[in-house]
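Nothing in this text is a laboratory measurement; each read-out follows from the coordinates by a stated rule. Source: prediction; values computed, not measured. Virtual Cβ from ideal backbone geometry, glycine too; neighbours counted across all protein chains shown.
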Amino acid sequence: MKEHISEIYEYLKEKKFKDILIYDLSKEDQTFDFGIIVSTPSIAYNKKLASQIMQDFGIEKYPEGFNKGEWIVFDFDKIVIHSFVVQTREKYNLDKLWQSKKVIL
């Protein structure tokens, strides 16, 4: 699984997501093994990158939060990606909630 996480990290980095942090939730959460939080500078850019993920991974249904665009959530079975506009990421601060679970690549 960690190999897969490294590939996802590289993909997100290549797509120009910022402040990519990966959290190991496997011992805490029964739903997801890993939570990934990324930032984008604007709603338009967040939606653009989300659309790119949809295209690259063959996702036909818009992910949760796509219409508003401030916080878009992708559910990839055991991995969840939270794509935030910077201000929204600061407001909800999932990083603080998960800080003890960070995975360093």
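One table, with the values for the structure above:
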| read-out | value |
| --- | --- |
| Aspartates and glutamates whose Cα lies under 13 Å from that of Lys61, excluding same-chain neighbours fewer than 8 positions away | Asp75 |
| MRE, 222 nm, helices only [DSSP H, n ≥ 4, -39500 (n - 2.57), over the chain, to nearest 500] | -11000 deg cm²/dmol |
| Square roots of 5 times each gyration tensor eigenvalue, C-alpha, the chain, largest first, Å | 20, 16, 13 |
| Which of Ile104, Ile36, Ile79 has the fewest Cβ neighbours within 10 Å, and the rest in rising order | Ile104, Ile79, Ile36 |
| All aspartates and glutamates inside 17 Å of Lys48 as judged from Cα atoms, apart from same-chain residues fewer than 8 positions distant | Glu14, Asp56, Glu60, Glu64, Glu70 |
| Cα-based Kirkwood hydrodynamic radius, segment 50-102, one decimal, Å | 12.1 |
| Qualifying lysines (Cα of each under 17 Å from Cα of Lys91; at least 8 residues distant if same chain) | Lys18, Lys68 |
